[in-house]
Amino acid sequence: MGLFEDFSRFLETRLEEFLKDNPHLELQALEEQLREQEEDTLRLIAELNREEKKLQAEILEIAQDIQKWHKWVQKAQAANRLDLVSAAQEREAALLRQGNQRWGQMQGVKERIQKSKELYYQVQQRHKEVKVKAAEMEANRVKSQTQQKAQNPWETQGWNQSKSYSSSNSSGDPLEEKFKQWAIDDELDQLKRNKGR
């Protein structure tokens, strides 16, 4: 067990040193985590919206049942059928309790939707900040590499060379970012329209 723990600590230390030496990679990892959190939050909002609609439908169905039983209570009272009045009143009361319970659940879901939307906007804002910082670091890194190449043209780039390639394919593509942002905005607009109904 001791050997495994030592090896694990060694790997953690090496990873920390590596990220310290390559802070742009740490920012890339953070940016990826934030993007995933944005997507997860949007999925949660969509799921909560579906749950809210389901509860609304259940509440409407319960309300219709309550009206039906209320009429039957009145009809039994008018006919002086006391044997039916009591049972119908109990059924109506049970439905009222059930309706109140569903109403409370729906209010809880609405609060969770609101908090999830607030979280989404916070994560989105943090993601934008990290993107800006990553772009600045990348520009500084490229500038530094260019200066190093000018001073020592025979030095190889190794890890940074492939990193530069992957960065330009993913987070550095402004057109791809516009499409991603458009998709997120479209999803939010859809959620707002659905909530407005």
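The values are calculated or read from the model by the stated rules, or taken from the named source; none is laboratory data. It should be emphasised that the depicted structure is a prediction, and the values quoted were computed from it without experimental measurement. Using ideal geometry, Cβ is built from the backbone for each residue, glycine included, and neighbour counts are taken over all protein chains shown. Quick note on the areas: whole protein, heavy atoms, side chains included, nothing else; ligands and nucleic acids left out. Shrake-Rupley method; radii C 1.70, N 1.55, O 1.52, S 1.80 Å.
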Looking only at region 56-86, count how many residues are under 27 Å from Lys195 (Cβ atoms), open to solvent by 60 Å² or more (accessible area, probe 1.4 Å) and touching a residue at least 12 places away in the same chain (Cβ under 8 Å).
1
Go through (1) farther than 30 Å from Arg193 by Cα; (2) without any contact (Cβ under 8 Å) to a residue 24 or more places away in the chain for Glu111 and report which single condition fails.
(1)
Which pairs turn up if I take residues in region 129-140 that are in a helix (DSSP H, G or I) and look for partners that are surrounded by fewer than 15 Cβ atoms within 10 Å (Cβ to Cβ) with beta carbon separation below 7 Å, at least 6 apart in sequence or on another chain?
Met137/Pro23
Could you tell me which of the residues Leu44, Leu25 is in a helix (DSSP H, G or I) and in contact with a Ser or Thr (Cβ under 6 Å, 6 or more places away or on another chain)?
Leu44
Qualifying residue in region 91-108 (condition: closer than 25 Å to Glu32 by Cα, touching a helix residue (DSSP H, G or I) at 6+ places or on another chain (Cβ under 6 Å) and either surrounded by fewer than 16 Cβ atoms within 10 Å (Cβ to Cβ) or not aliphatic (A, V, I, L, M) (or both)):
no
Scope region 11-55; condition hydrophobic (A, V, I, L, M, F, W, C), at pLDDT below 70 and either closer than 22 Å to Trp182 by Cβ or surrounded by fewer than 13 Cβ atoms within 10 Å (Cβ to Cβ) (or both); matching residues
Leu11, Leu15, Phe18
